[in-house]
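First the structure, in the form of structure tokens, and then the observations on it.
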Amino acid sequence: MDSVPRAARPARIDPRRWLGYTMVATAAVLFAVNGTVSKVLLEAGISSERLTQIRVTGALLALAAVLVAVRPRALRVDVGELPFLAIFGICAVALVQWFYFIAIHRLQIGIALLIQYLAPLLVALWARFVMHEKVRARIWVALGLALLGLSLVVEVWAGGALDGLGVAASLMAAGTFAAYILMAERGVGRRDPISLMWFGFLFAALFWAVIEPWWSFAARVVGDEVSLLGNLAGTRAPIWLLICWMVLLGTVVPFVLIVGALRHIPAARVAIIAMLEPVVATGVAYAWLGETLGAPQLVGGAIVLGGILLAQTAR
């Protein structure tokens with residue numbers, strides 16, 4: 001007979017929940033590294049529009065190869081799903097990446113990400129005031145801590161005069177990123193994460209094919225070699241290799257991880273955990289681009305992690 005009173009037993013850890021946390025954290029790290037990789041490509045002269053097009057089209061082809069080989073039935077779609085998938089692809093996939101590229105091209109990566117990561121607050125506000133869901137007080141405290149920590153990480157007081165278009169693009173990235181999280185949460189209730197992302201990239205690629213016709217792209221530039229900038233300025237890499245990294249490890253894998261995590265944890269928590277990205281991005285910028293990582297940034301990173309941990313205690 002079990003002698004331990006039921007009330008005294010430790011709470012059982014839900015492995016699905018921790019799997020979701022791990023998936024989002026991994027995606028945040030990959031996105032963070034991809035920010036610097038994308039910065040190198042933008043500095044090489046590829047426009048934000050074209051880089052977005054390359055990213056979504058490359059991801060479309062990569063996911064298509066996986067689905068055709070493993071789960072071809074996942075490519076089937078009901079006509080009634082198409083409007084939702086089209087909106088998801090254009091508004092929540094194509095535009096969020098475009099606004100992000102504009103932002104990091106015109107602002108420091110950390111500042112651009114700080115503004116973009118107002119998205120978790122938008123998700124929480126949507127849950128509270130549109131969906132009329134109960135949002136516990138500690139979630140708001142966690143969001144406040146995360147934003148405070150991010151402010152220290154990017155040292156906003158030392159940023160100088162910010163580029164207006166860059167700030168506007170960051171704000172739009174925040175809005176479209178929040179839409180991506182919310183729509184993906186709804187979408188995974190209807191189909192698996194990989195096929196959902198494939199259709200998202202399909203409509204995003206079609207959208208950019210109209211805006212930026214492929215015949216206007218000087219494809220020969222992908223064979224050029226460019227400096228990796230900063231501490232790696234003496235190292236050169238072919239553009240095609242950087243593009244492959246951006247498409248596979250900087251897009252396909254993290255996007256699928258984010259969408260897959262929504263099967264295990266709610267959108268508000270996904271958005272909060274994803275705030276690890278600016279912290280990691282600052283570390284990558286320090287190691288790669290030689291940007292100084294001072295005491296305020298270290299303290300800010302610790303505050304962000306504290307906010308994330310606090311959010312996980314809210315059931």
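The values are calculated or read from the model by the stated rules, or taken from the named source; none is laboratory data. These numbers were taken from a predicted model, which means no experiment stands behind them. With ideal geometry, Cβ positions are generated from the backbone for all residues, glycine too; neighbour counts draw on all protein chains shown.
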Close pairs (8 angstrom Cβ cut-off, 6 or more residues apart or separate chains): small (Gly, Ala, Ser) in region 240-269, at pLDDT below 90 and in a loop (DSSP other than H, G, I, E, B) anywhere: Gly260/Val188; Ala268/Val135
Of the residues Gly58, Gly20, Gly80, which is under 25 Å from Val304 (Cβ atoms), modelled with pLDDT of 90 or more and surrounded by fewer than 24 Cβ atoms within 10 Å (Cβ to Cβ)? Gly20
Pro72 vs (1) touching a Pro at 6+ places or on another chain (Cβ under 9 Å); (2) farther than 20 Å from Arg263 by Cα; (3) not aromatic (Phe, Trp, Tyr): all pass except (1)
Could you please find all residues in region 133-158 being under 15 Å from Ile115 (Cβ atoms), surrounded by fewer than 21 Cβ atoms within 10 Å (Cβ to Cβ) and small (Gly, Ala, Ser)? Ser151
Would you tally the residues in region 97-109 being part of a helix (DSSP H, G or I) and surrounded by fewer than 23 Cβ atoms within 10 Å (Cβ to Cβ)? 2
Helices (runs of 4 or more DSSP H) wholly inside region 247-315 containing at least 3 residues that are small (Gly, Ala, Ser) and buried (at least 16 other Cβ atoms within 10 Å of the Cβ): 267-273, 295-312
Of the candidates Ala218, Ala178, Ala209, Ala204, the one satisfying the condition of being over 19 Å from Gly58 (Cα atoms) and among the hydrophobic types (A, V, I, L, M, F, W, C) is Ala178
Residue by residue through region 18-69, note down the ones that are outside any helix (DSSP H, G or I) and out of contact with any strand residue (DSSP E or B) (no Cβ under 6 Å at 6 or more places or on another chain). Gly45, Ile46, Ser47
Consider Leu206 carefully, then state whether it is more than 16 Å from Val252 (Cα to Cα) and either aromatic (Phe, Trp, Tyr) or modelled with pLDDT of 95 or more (or both). yes
